[in-house]
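Reading through the C-alpha cells given below for one structure.
The values are calculated or read from the model by the stated rules, or taken from the named source; none is laboratory data. In this text the structure is predicted, and so the values were computed from the model without any measurement. Heads up, the Cβs are rebuilt from the backbone with ideal geometry, glycines too, and the neighbour counts pull from every protein chain shown.
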2 protein chains.
Amino acid sequence: MENKKITAEIIAVGTEILLGNIVNTNAAYIAAKLPELGIACFYQSVVGDNAERLEGAIRQALSRSDVVILSGGLGPTEDDLTKETACKVAGSEMYCHEESKERLIAYFEKRGLTLTENNMKQVMMPKGGVVLTNNNGTAPGVIIPYENKHIVLLPGPPGELKPMFEESVVPYLKKLTPGVILSQTVKVCSVGESMAETMIADLIDAQDNPSIATYAKTGEVHIRVTAYAEDEARAEKLIKPVVWELKNRFGSNVYTTKEDVSLEAAVVELLKSGDLKLMTVESCTGGMVASRIVNVPGASEVFKCGLVTYSNKAKRKLAGVKKSTIEKYSAVSRETAYEMVKAPEVWPKADIVIGVTGYASPCEDETKTGLVYISCNACGKITVKEFRFSGNRQKVRESATAQALILARQCILEALSEKAFG
Amino acid sequence: MENKKITAEIIAVGTEILLGNIVNTNAAYIAAKLPELGIACFYQSVVGDNAERLEGAIRQALSRSDVVILSGGLGPTEDDLTKETACKVAGSEMYCHEESKERLIAYFEKRGLTLTENNMKQVMMPKGGVVLTNNNGTAPGVIIPYENKHIVLLPGPPGELKPMFEESVVPYLKKLTPGVILSQTVKVCSVGESMAETMIADLIDAQDNPSIATYAKTGEVHIRVTAYAEDEARAEKLIKPVVWELKNRFGSNVYTTKEDVSLEAAVVELLKSGDLKLMTVESCTGGMVASRIVNVPGASEVFKCGLVTYSNKAKRKLAGVKKSTIEKYSAVSRETAYEMVKAPEVWPKADIVIGVTGYASPCEDETKTGLVYISCNACGKITVKEFRFSGNRQKVRESATAQALILARQCILEALSEKAFG
C-alpha cells in the first residue's frame, strides 16, 4: 500500500459523560467501524458542553487527524454548542437548510407538538457542509470539509447516531480511503496471557502487516490478527497463514477463530456435535456456569438441567454426595467434587456433568481462600482439578466458572475422540 | 468553601478501546467518583499502546489538570507502556519494589505457575511513588507526585481498578481536597427512572448543597445525595433531611440507604430476619437469580438450593410442572410459572420459592419476544407477574433476574407483615 493511511479522531461532547452518568458507547461504536474502513484512530476524547474547551479539542484534533468525528451537542438548547463551535473553527457561515426545516416542521406536526424558536437552531447549517438526514430524531448531522480535512458532526443519542453513521458517514468515508482492513481473532483457553505471548514472541516481534495483538479475558486469551490491503481478498491472504500458525502453536486450546463465538457457545457446539447432554451441579458458582450455558441461543438442545447445591444438605439430597464424605473431607474437597458429578440422585442422567465447589470468600484458614475444586464426569470418566483463584468473591466465582467451562470442553473433546477412535 | 477546586483528567490507555473492542466503562466509573470527592473533571481521553502519543497525552493533561488518572497498560507485556512513559514524563527512576515482588512470587506459587522474566516488569516502581496494592491481580498501581500534581496509574481490568480506586485512590484524593464530600445513596426498586424523577422534581429543582442525582440500574433507581462541607458532621447534617424526605416519598420501595448493600443482599437480610429459607426455579434466567443470591456472603444460611429447569422435561421432572399444563398453556405462561413454584418435586420444601420462565431470544411470534413470567410462593401464597422486557438475550435475562428479586422482596415483606400482624 502506497497511500498514507487516513487517521480519524473521536470527540464525544457532553457533561453527562464527564460526570460518569453515561458510558461512552458511541465512541466504542464508531471506533469499531473505523478499522473496517481502513481508517486509523489514535485518539478519543470527551469534553463537556463548554465552548472554549470544545474549540480547543476540535483545533487539536484537526492538527493531527484527517477526520474529526464529534457526537452530541446538536440539540435545540443553549447548552448545545457543537455545530456553532465547529463552524467557528472552520470559518463557515450558517444558513437555514430548507429541506431540514421542512422535515422538522413535518416531524412536529406529525406528533402534534409545537415548534419553538429554539428548534430552528437545529436546521441552521454551515455553507459547504454535507447535511446528513436524521431519520430517528430532530437533529440533522453534517460533514464540514475544511482544508483537506473533514469535521463530522453527529447527534448524541445512539439510536440516532448509529443509523446516521451507517447510512451517510460510512459511504462518505469509504470514498476517502484507499484500502480495507480485515481482522480475525484466535480465541485460546487453558493458557495465560504471558505464557501465550511467550509462545508467539517471535511472531509478535516480526509483526508488521498483519499485526498481532493479545487480549486477556477471564480464563482466556484472545489473539487478534489484523491486515491492511487493497481489497478484501488480499487482506484475507495476509491473515490466513498467521491464523494457521497460531492454531498450530496452540493446538486444541484454540476453541474458535470466530469473533462472535464465546467459550460457552463453543462448549454447546461440541455437545451438539456429539449429541451429548449436559448437567451442572454448582456450589460456590451458584448457577453462573448454568447461566453462561443458557445464554447461548439453542442451549436447550443440550442442556438438561442445573442444580445449585450451595448448602451441604443440598449437596447430599440433590447431588447425592455422602454425608460421611463431607464430614471426613469437608464440602470443599476433591472427594466432594468427585461425588457431586458421580451420580446425581435426581433425574436426569446426563452425559456430561460439571461440578464446582469452593471457597469464594475469605476463609478463617487463609490458605483456603480461593480454593476451588472443579469436576467433570464425561460419559463415566471423572476428572477433578484443584484451583486457587484470587480476588473478591465475584472474581473468584467468575474465574471458577471460566475454568469449569474449560475443563468441560477438554473432557468432552476426550470423550468425543474416544468415541471416534476408542 | 473558599479554596479553588481541584481538577482531574482521565486517560484510558489501550488499543482495544481505540479499536472499539472494549467500552470504556473505567472512565465512567472514575468520572462518577470524582464529583463525590469535590474534584472537577473537564477532559477524558483514550490513547493506544504507543509511547509517543501516550507521552503527549500525559504532558497535555499535566499542563491543565492537577490530577491525571491513567488506566491500563500496567501488564507484563511489551505493549504495556504506561508506567514507563509516566516515569519518563515525571523524570522518575525505577526500582524493584520488594513487597510487590514478594506478593507476585506468592501469587504465582499459590497457583503453581512459573514466573517469567516479563512479570518482573510489573514490580518495578518509580522512586517517590506511592505503590497501590492490587488484591485482585498481578499489576500494582502507583501514584507519582510531580510538581504539585499527581499522576495516578491503575490497572485496566475493571475488577482490579475499582477496588484499588476505592481502597487506595479515594483516601489519597480526599487528602488533596479542602472540605469533606459525603454522599448517601437511597436505592429504590419497583419504580422507573422517569417516574422517580417526576416524584422528586421539586427536590431536584431546588438542589444546591446537597445535590441530588439519579442513576438508572436494571430494575432499580439509585438516588445519590451529596453534600460538601467543612467537616463530616456538617455534611451529615445537610444530607440527613433529604434522605429522610426520599424515604418518605418512596416508602417501602426503598430497599436500602447503604452504598454497599445490593438488592440481593437486602433480600438475604429480609430472609434472615424472618428465618425464612429460599429456593429458586429458573428457566430463561438459567441460574442468574441463584447466582446473585449466592454472591451475598452468608447466603448459605437462607438459600436452600436452586434448580435450573431450562428444558420442558426438567420443568416437569424437577419442578413438578404438569405435562398437561405445558401442553395447554406452553412453557412460557402464567400457569407454568405458577406450577414451577407451587410444589417442587424435590427436596427441600423452602418457605420462599422464586420461579422464572420466559423468552429471552427473539421469537417467531414477535409479540412474545421478551415475554417473561415471574412467580413467587411465599409461605404458600403464590403471586405471578407478567413482564415484557426489551433488548438482547443477555439484557432480557438481566431484567428478569432483577424483577425476580424485586418480586421476592415484596412477597417476603408481605409474608413477614402477615406473620407479625395476621
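For residue A:337, the requirement of being out of contact with any Cys (no Cβ under 8 Å at 6 or more places or on another chain), at pLDDT 95 or above, buried (at least 24 other Cβ atoms within 10 Å of the Cβ) and not β-branched (Val, Ile, Thr) is met. Only residues that are of a type in the set (Lys, Arg) and touching a strand residue (DSSP E or B) at 6+ places or on another chain (Cβ under 7 Å) were counted in region A:103-148, giving 1. Tell me whether region A:30-43 contains one or more residues that are more than 10 Å from chain B (Cβ to nearest Cβ), surrounded by 24 or more Cβ atoms within 10 Å (Cβ to Cβ) and at positive phi. Among the residues of region A:30-43, not one is more than 10 Å from chain B (Cβ to nearest Cβ), surrounded by 24 or more Cβ atoms within 10 Å (Cβ to Cβ) and at positive phi, which makes the answer no. When region B:1-29 is limited to residues that are more than 8 Å from every other protein chain (Cβ to nearest Cβ) and modelled with pLDDT under 90, the one that is nearest to residue B:85 (Cα to Cα) turns out to be B:5. Please go through region A:379-404 and pick out each residue that is in contact (Cβ under 8 Å) with a residue 60 or more places away in the chain and in contact with a strand residue (DSSP E or B) (Cβ under 8 Å, 6 or more places away or on another chain). Scanning region A:379-404 gives A:379, A:396, A:399, A:400, A:401, A:402, A:403, A:404. Restricting attention to region A:227-249, does a residue exist that is polar (S, T, N, Q) and at pLDDT below 95? No: zero hits. Counting only helices (runs of 4 or more DSSP H) that sit wholly inside region B:284-364, those with at least 1 residues that are more than 7 Å from chain A (Cβ to nearest Cβ) and polar (S, T, N, Q) are B:312-317, B:323-329, B:334-342. Listed by first and then second residue, the pairs linking a residue in region A:301-328 that is free of Cβ contacts under 8 Å to residues at least 60 places away in the same chain to a residue that is in a strand (DSSP E or B) and small (Gly, Ala, Ser), with Cβ atoms under 7 Å apart and 6 or more places separating them unless they lie on different chains, are A:308/B:306. Would you confirm, using the coordinates I've provided, whether residue A:92 is under 25 Å from residue A:6 (Cα atoms) and over 38 Å from the mean Cα position of the chain (by Cα)? It is true that residue A:92 is under 25 Å from residue A:6 (Cα atoms) and over 38 Å from the mean Cα position of the chain (by Cα). Restricted to strands (runs of 3 or more DSSP E) entirely inside region B:77-174, those with at least 3 residues that are touching a His at 6+ places or on another chain (Cβ under 9 Å) are B:141-146.
Determine whether region B:135-156 contains at least one residue that is within 14 Å of another protein chain (Cβ to nearest Cβ) and under 22 Å from residue B:224 (Cβ atoms). Taking every residue of region B:135-156 in turn, none turns out to be within 14 Å of another protein chain (Cβ to nearest Cβ) and under 22 Å from residue B:224 (Cβ atoms). The C-beta contact set for region B:197-219 (first residue among the small types (Gly, Ala, Ser), second residue surrounded by 14 or more Cβ atoms within 10 Å (Cβ to Cβ), distance under 7 angstrom, 6+ apart or interchain) comprises B:211/B:226; B:213/B:224; B:216/B:193; B:219/B:189; B:219/B:399; B:219/B:402; B:219/B:403; B:219/B:406.
Flag not set for residue A:149, criterion: modelled with pLDDT under 95 and farther than 30 Å from residue A:256 by Cα.
Flag not set for residue A:375, criterion: in contact (Cβ under 8 Å) with a residue 12 or more places away in the chain, more than 19 Å from residue A:403 (Cβ to Cβ) and within 32 Å of the chain's Cα centre (by Cα).
Residues in region B:190-215 that are touching a strand residue (DSSP E or B) at 6+ places or on another chain (Cβ under 8 Å) and not in a strand (DSSP E or B): B:191, B:192, B:193, B:196, B:197, B:200, B:203, B:204, B:209, B:210.
Is it fair to say residue B:286 is closer than 30 Å to residue B:211 by Cβ and either touching a Cys at 6+ places or on another chain (Cβ under 8 Å) or not hydrophobic (A, V, I, L, M, F, W, C) (or both)? Judged against the criteria, residue B:286 is not a match. Evaluate region A:171-182: report whether one residue or more is among the aromatic types (Phe, Trp, Tyr) and modelled with pLDDT of 90 or more. Yes.
Results for (1) within 19 Å of residue B:31 (Cα to Cα); (2) surrounded by 17 or more Cβ atoms within 10 Å (Cβ to Cβ), shown as yes or no for each residue.
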| site | (1), (2) |
| --- | --- |
| B:64 | yes, no |
| B:68 | yes, yes |
| B:77 | no, yes |
| B:107 | no, yes |
| B:110 | no, no |
| B:115 | no, no |
| B:122 | no, yes |
| B:137 | no, yes |
| B:151 | yes, yes |
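Residues in region B:297-313 that are buried (at least 23 other Cβ atoms within 10 Å of the Cβ) and of a type outside the set (Gly, Ala, Ser): B:302, B:303, B:304, B:305, B:307, B:308, B:309, B:310.
Taking the condition more than 9 Å from every other protein chain (Cβ to nearest Cβ) and either among the aromatic types (Phe, Trp, Tyr) or more than 14 Å from residue B:404 (Cβ to Cβ) (or both), does residue B:281 pass? So residue B:281 does not fit the description; no.
Can you say whether residue A:355 is surrounded by 17 or more Cβ atoms within 10 Å (Cβ to Cβ) and at positive phi, as far as the supplied structure shows? Taking the combined requirement at face value, the residue does not satisfy it. Here A:321, A:372 are screened, and the one residue that is crowded, with 19+ Cβ neighbours inside 10 Å, touching a Gly at 6+ places or on another chain (Cβ under 9 Å) and either assigned by TED's automatic domain parsing to the domain that holds residue A:273 or farther than 14 Å from residue A:284 by Cα (or both) is A:372.
Within the set A:403, A:394, A:410, the sole residue that is within 14 Å of another protein chain (Cβ to nearest Cβ) and closer than 19 Å to residue A:268 by Cβ turns out to be A:403.
Of the residues making up region A:51-60, those that are touching a strand residue (DSSP E or B) at 6+ places or on another chain (Cβ under 9 Å), surrounded by fewer than 20 Cβ atoms within 10 Å (Cβ to Cβ) and more than 7 Å from every other protein chain (Cβ to nearest Cβ) number 2.
Of all residue pairs spaced 6 or more apart or on separate chains, those with beta-carbon atoms under 7 Å, a first member in region B:35-60 that is over 28 Å from residue B:175 (Cβ atoms) and assigned to a strand (DSSP E or B) and a second member that is among the β-branched types (Val, Ile, Thr) and at pLDDT 90 or above are B:46/B:17; B:47/B:11; B:47/B:13. Within region B:204-226, being of a type in the set (A, V, I, L, M) and either surrounded by 17 or more Cβ atoms within 10 Å (Cβ to Cβ) or at pLDDT 90 or above (or both) holds for B:212, B:213, B:221, B:223, B:225.
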